[in-house]
Amino acid sequence: MSDSHHFYRPADGHGLAHDPFNSIVAPRPIGWIGTRSRAGVRNLAPYSFFNALSYTPPLVGFSSIGDKDSVRNARETGVFTWNLVTRALAEQMNATSTQAGVDEFERAGLAAAESEDVAAPRVAAAPVSFECRTAQVVRLLDADGGPTDSWWCTGEVVGVHIAPELLVDGVYRTELARPVLRGGGPSAYYELGDRFDLTRPD
């Protein structure tokens, strides 16, 4: 490897204007997570550490820095929803990045829709939503086995809502939804870019 690379050990600090870690692992899909507390209070929050994990069963997961409302609600009620953030919903998604104790649906001017099979609210305007049953909530550990302040929540997708305009001849067209992806830094977001195709070798 070239000596010209900027090298740092995270434990010692990165020595840059902004931590590059979440800029390098990018762009990341946004986990726009809808939950309801046991007392019936709605919650909607975006998480930048989110992804699909498995085909069978279909699993998704998000990571929260701190044991926040979304994690607690998913743990205590056993369900949550994931809602696709599109360019048209980006500003409202950003408005849901609030502190605890606020109904983010109301704050962002978003209508909520009831799910079919789980007791967690969906974003009515989202062209795709997953209904999820909570499979695991675990506290993440560091390499020495020590607990961190991050919590990982995995959910099994038990229901999928897709707007019909995103299905072309029975194929879901990712680019038609104009999904928004999280970049690094405090304000960087990306809309899905150009598509290219690769055929897997035999």
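Over the chain, what is the mean sequence separation of C-alpha contacts under 8 Å (at least six apart), divided by residue count, expressed as relative contact order in percent?
Working: 407 pairs, mean separation 46.0, N = 202.
Answer for the chain is 23 percent.
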At what distance in angstrom do the alpha carbon centres of the stretch 47-61 and the stretch 171-200 lie from each other? 17 Å
Calculating Kirkwood radius over Cα pairs in Å from this structure picks out, from [x] 19.9; [y] 16.6; [z] 18.3, entry [z]
Given backbone amide H placed at 1.01 Å from N, residues whose amide H is under 5 Å from that of TYR189, ignoring those fewer than 5 places away on the same chain, are GLY183
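Hey, fewest Cβ within 10 Å first, where do ASP19, ASP69, ASP144 land in order?
Numbers: ASP19 14, ASP69 22, ASP144 5.
So the residues, fewest neighbours to most, are ASP144, ASP19, ASP69.
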Only four residue types carry charge here, +1 at the Cβ of Lys and Arg and -1 at the Cβ of Asp and Glu. Report the dipole size of the chain about the Cα centre in Debye, rounded to the nearest 20. 280 debye
Can you sort ASP142, ASP103, ASP3 so the residue with the fewest Cβ neighbours within 10 Å comes first? ASP3, ASP142, ASP103
Taking VAL160, VAL71, VAL60 and counting other C-beta atoms within 10 Å, the order from fewest to most: VAL160, VAL60, VAL71
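Throughout, read-outs are computed from the coordinates displayed, never taken from laboratory work. Keep in mind that what you see is a predicted model, and the values were worked out from it rather than measured. Virtual Cβ from ideal backbone geometry, glycine too; neighbours counted across all protein chains shown.
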